[in-house]
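Chemist: Just dropping this structure here.
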Amino acid sequence: MRSAAFDTSCSCFNTPLERHAAESAVAIQAKQLGLLRRGLKVAAYVPAGSEFSPWLLMLRAISGGVEVYLPQVPKRGRKLTFVRLDAKNRWKLGPQNILELQSGVPCSPRDLDIVFLPLLGFDSNLARLGQGGGYYDCTFEFRRWRRVWKKPRLVGLAFDVQHVEQLAVDTWDLRLDYILSGQRIWRNPNR
């Protein structure tokens, strides 16, 4: 299933113009939903392969006074750490061969307000198919045990073609709060 969803996302958005239009529309959706308000702590990611690029979203966030953080993949374990993005950061190639910030101001996952996540596929129940490492599920597992939900909100960024009717999910898979595609906003009714 992972490779099939990945192939779909690669083949249907092959022009830079189509990708840019969707990325621009998602930045507008995020702003309209209040996900980019001044003072918020927002995490995003550096896209790998054909993943939805959050760069326009991050630029809009930073220009609006939002603190933007990027994940660092641990050498051992599966809990991500988050480092603030600023003009002084240096970059390195991380354990998954994805660019990461070398160092910077850290932020605990519990202190983030919004987390924008990459995905390969998603369903109408807001289940997310990721790359298979389980990093986001492990990092934000604390959300499962909260009786009163607070934060962070988990927001998937996707192209419409990545939507499938239903994904097979495991007990540890987190459901997202929103998925933004540029053409549509999916909301979790339980949040």
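Chemist: Where in segment 111-191 are there chymotrypsin sites (Phe, Trp or Tyr not before Pro) that are in a DSSP coil and have at most 13 other Cβ atoms within 10 angstrom of their Cβ?
Modeler: Details: sites: 116, 122, 135, 136, 140, 142, 145, 149, 159, 172, 178, 186; in loops: 140, 149, 159, 172.
Sparse-neighbourhood loop chymotrypsin sites (Phe, Trp or Tyr not before Pro): 149, 172.
Chemist: Under the Karplus relation 6.51 cos²θ - 1.76 cosθ + 1.60, θ = phi - 60°, what is the ordered set of whole-Hz ³J(HN,Hα) values for segment 132-144, x standing for Gly and Pro?
Modeler: Each residue's phi maps through the Karplus curve to give x, x, x, 5, 5, 4, 5, 5, 9, 4, 4, 5, 5 Hz.
Chemist: Calculate, in whole percent, how much of the Cα-Cα pair population of segment 46-104 lies beyond 13 Å. Each step should come with its number before you reach the end.
Modeler: Values: 1108 of 1711 pairs.
The answer is 65 percent, as a whole percent.
Chemist: Less than 19 Å from a label point 7 Å out along the Cα-to-Cβ axis of residue 137: which backbone N atoms in segment 177-191 qualify, by residue?
Modeler: Flagged as within label range: 177-179.
Chemist: Hey, another quick one. Can you list residues whose amide H is under 5 Å from residue 81's amide H, if they're 5+ apart or on another chain and H is modeled 1.01 Å from N?
Modeler: When sequence neighbours closer than 5 places are left aside, the close amide H contacts are 72.
Chemist: Convert each backbone phi in segment 50-61 into a coupling constant with the Karplus relation 6.51 cos²θ - 1.76 cosθ + 1.60 (shift: θ = phi - 60°), then list the ³J(HN,Hα) values in order as whole Hz, x for Gly and Pro.
Modeler: So the J values, rounded to whole Hz, are 9, 4, 4, 8, x, 4, 4, 4, 5, 4, 4, 4.
Chemist: Calculated FRET efficiency, residue 63 and residue 96, Cβ-Cβ r, R0 41 Å, to nearest 0.05? Working shown, then result.
Modeler: On the way: r = 29 Å, r/R0 = 0.70.
It comes to 0.90.
Chemist: Something else now. In a Gaussian network model over the chain where Cα atoms closer than 10 Å are linked, find which of 146, 76, 60 has the largest mean-square fluctuation.
Modeler: 76
Chemist: Right, something else. Based only on the alpha carbon positions, what is the Kirkwood hydrodynamic radius of the chain, in angstrom?
Modeler: On the way: mean 1/r = 0.0596 Å⁻¹.
About 16.8 Å, per the Kirkwood formula over Cα pairs.
Chemist: Distance between the C-alpha centers of segment 75-89 and segment 120-191? Whole Å please.
Modeler: 21
Chemist: Find the relative contact order for the chain and round it to a whole percent, using C-alpha pairs within less than 8 Å whose residues are 6+ positions apart. If you can, show how the numbers build up before the last one.
Modeler: On the way: 372 pairs, mean separation 43.3, N = 191.
This gives 23 percent for the chain.
Chemist: I would also like to ask the following. Can you list the aspartates and glutamates whose alpha carbon is less than 13 Å from that of residue 92, not counting same-chain residues fewer than 8 positions off?
Modeler: Straight-distance partners of residue 92: 100.
Chemist: Filter the trypsin sites (Lys or Arg not before Pro) in segment 84-124 down to the DSSP loop ones having no more than 10 other Cβ atoms within 10 Å, then list what survives.
Modeler: 88, 90
Chemist: Report the net charge of residues surrounding residue 157, where surrounding means a beta-carbon distance below 10 angstrom and charges are Lys +1, Arg +1, Asp -1, Glu -1. Don't jump to the answer; show the numbers that get you there.
Modeler: Numbers: positive: none; negative: 23, 51.
Value of the local net charge: -2.
Chemist: With θ taken as phi - 60° and the coefficients 6.51, -1.76 and 1.60, list the Karplus ³J(HN,Hα) couplings across segment 89-104 in order, rounded to whole Hz; mark glycine and proline as x.
Modeler: Each residue's phi maps through the Karplus curve to give 4, 10, 10, 9, 8, x, x, 9, 6, 10, 4, 9, 6, 5, 7, x Hz.
Chemist: Which of 156, 121, 65 ends up with the largest GNM mean-square fluctuation for the chain, with Cα atoms connected below 10 Å?
Modeler: Result: 65 has the largest fluctuation of those listed.
Every read-out reported here was derived from the displayed coordinates using simple, explicitly stated rules and does not represent laboratory data. The model shown is predicted, which means the values in this text are computed figures rather than measured ones. Quick reminder, even Gly has a Cβ in these numbers, built from the backbone with ideal geometry, and neighbours come from all protein chains shown.
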